[in-house]
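For reference, the structure is listed below as structure tokens.
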Amino acid sequence: MSTEITRRQLLTAVGATLAAAPLQRAYAANDKIQLARMRDLFAQGVVSKQALDDASARYDSSQQRVNSLEQMFRMSKIGPRSEQIERARADMLQAQGQMDYAKAQLDATTIKAPVSGTILERTAEKGELVTAQFASGAEGGPRGSVVALADLNDIQVELDIAQDDFAKLGAKQEATITLDAFKDRSYKGSIAEISPEANRQKATVQVKVQIMNPDAYLRPEMNATVQCLANVNKTAATQKQAGAFVPTQALRDKDGAKFVFIVFNGKTLRRDVHVLGPRSGGYLVDSLVGGESVVTSAPPDLKDGQKIRIKGQS
């Protein structure tokens with residue numbers, strides 16, 4: 001489409017030039033007549049050889065101008081050759097590549113941060129070399145970054161928890177954070193990350209607590225105190241599972257009711273229980289606090305309040 005438009009424009013321009021062609025042909029015809037007259041006068045010895053040469057040059061110039069315009073018009077109709085088109089296309093692609101390279105160089109002069117945040121430190125000064133491949137910590141060496149950036153709306157507190165207390169913590173457990181610099185301010189937090197590896201030398205495990213409501217008072221690298229709140233759901237589940245272990249032989253069943261006999265003041269005492277879950281060699285039951293003496297070997301018709309003697313006791 002663009003090639004066709006260009007040809008049309010060229011034809012229009014050439015056509016406008018050829019519009020004056022009749023005038024140029026008239027000039028050429030007049031110059032031809034003047035040349036013939038000069039030849040006759042030269043033959044009669046009236047004019048000089050120089051005047052004849054000037055008339056001949058004017059005619060040749062006029063005729064050449066007319067021929068040039070006609071040739072231009074014919075070439076514009078034919079259009080450019082295929083090799084000319086390919087050469088022009090190659091020149092265009094080369095120019096496009098040079099423009100893209102220049103744009104890339106221009107874009108490289110702009111530093112864009114990967115995240116929004118606040119600049120904490122400027123690590124490079126004017127005139128220093130900055131590179132991401134050959135950064136050096138030596139003075140005067142190339143730097144690996146320009147600034148240190150942090151999102152102050154996403155702040156975590158790093159803790160080293162003793163391994164003895166590690167079992168008390170869990171993911172998403174709530175916490176309260178206080179700053180050493182502002183004792184009167186407290187922040188809500190939640191355990192966001194627990195390190196999968198412990199520190200054997202320090203006997204600790206690293207825990208990160210996410211601050212849920214950061215404000216302008218918080219600063220990176222501040223000292224803080226974290227108090228983890230008891231996990232209510234975990235405590236309730238632990239209480240629900242609290243009970244005592246009884247051997248399989250001690251658990252009795254009558255009409256679907258589970259019970260055991262314990263020994264109290266030399267007599268049997270029936271205690272109804274609920275089975276919380278099976279255990280190796282027995283069951284975990286409620287209604288017992290643990291430490292009671294349960295009857296494991298007795299006749300099936302043993303009754304509540306019946307006197308009993310524990311084997312090995314007088």
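The values are calculated or read from the model by the stated rules, or taken from the named source; none is laboratory data. Everything quoted here is computed from the prediction, not taken from an experiment. Positions of Cβ are generated from backbone atoms using ideal geometry, with glycine treated the same way; all protein chains shown enter the neighbour counts. Accessible surface areas use protein heavy atoms only, side chains included; no ligands, DNA or RNA. Shrake-Rupley method; radii C 1.70, N 1.55, O 1.52, S 1.80 Å.
Could you list, in sequence order, all residues of region 265-285 that are in contact (Cβ under 8 Å) with a residue 12 or more places away in the chain and among the small types (Gly, Ala, Ser)? Walk me through it before giving the result.
From region 265-285, those in contact (Cβ under 8 Å) with a residue 12 or more places away in the chain are 266-277, 279, 281-285; that's our starting set.
Residues satisfying the conditions are GLY266, GLY277, GLY281, GLY282.
Residues that are under 12 Å from ALA244 (Cα atoms) number at least 3 in the following strands (runs of 3 or more DSSP E) confined to region 254-314: 275-279, 282-285. The requirement of being at pLDDT 85 or above and either in contact with a Phe, Trp or Tyr (Cβ under 9 Å, 6 or more places away or on another chain) or closer than 26 Å to ALA230 by Cα (or both) is fulfilled nowhere in region 138-147; no residue meets it.
Which residues, counting only those in region 274-283, are among the aliphatic types (A, V, I, L, M) and touching a Phe, Trp or Tyr at 6+ places or on another chain (Cβ under 6 Å)? So that I can check it myself, show each step before the final result.
To start, the set of residues in region 274-283 that are among the aliphatic types (A, V, I, L, M) comprises 275-276.
Listed by number, the list holds a single entry, VAL275.
So which of ALA104, ALA108 is surrounded by fewer than 10 Cβ atoms within 10 Å (Cβ to Cβ) and modelled with pLDDT under 80?
Details: ALA104 fails: modelled with pLDDT under 80.
Of ALA104, ALA108, the one residue that is surrounded by fewer than 10 Cβ atoms within 10 Å (Cβ to Cβ) and modelled with pLDDT under 80 is ALA108.
Looking at region 244-260, which of the residues that are hydrophobic (A, V, I, L, M, F, W, C) and out of contact with any Phe, Trp or Tyr (no Cβ under 7 Å at 6 or more places or on another chain) is farthest from PRO299 (Cα to Cα)? Quick ask: steps written out before the conclusion?
Of all residues in region 244-260, those hydrophobic (A, V, I, L, M, F, W, C) come to 244-246, 250-251, 257, 259-260.
Applying the additional criterion that residues be out of contact with any Phe, Trp or Tyr (no Cβ under 7 Å at 6 or more places or on another chain) yields 244-245, 250, 257, 259-260.
Values: ALA244: 23, PHE245: 22, ALA250: 11, ALA257: 18, PHE259: 15, VAL260: 13 Å.
Looking at residues that are hydrophobic (A, V, I, L, M, F, W, C) and out of contact with any Phe, Trp or Tyr (no Cβ under 7 Å at 6 or more places or on another chain), I get ALA244.
Checking SER61, SER76 one by one, the residue that is assigned to a helix (DSSP H, G or I) and at pLDDT 80 or above is SER61 and no other.
Residues in region 45-59 that are surrounded by 13 or more Cβ atoms within 10 Å (Cβ to Cβ) and not hydroxyl-bearing (Ser, Thr, Tyr) were compared, and the one that is farthest from GLN34 (Cα to Cα) is VAL47. Residues GLY305, GLY290: which one is at positive phi and in contact with a Ser or Thr (Cβ under 7 Å, 6 or more places away or on another chain)? Going through GLY305, GLY290 in turn, just one is at positive phi and in contact with a Ser or Thr (Cβ under 7 Å, 6 or more places away or on another chain): GLY305.
Please find, within region 298-314, the residue that is farthest from LYS254 (Cα to Cα) out of those that are open to solvent by 100 Å² or more (accessible area, probe 1.4 Å) and modelled with pLDDT under 85. For region 298-314, the residue satisfying everything is SER314.
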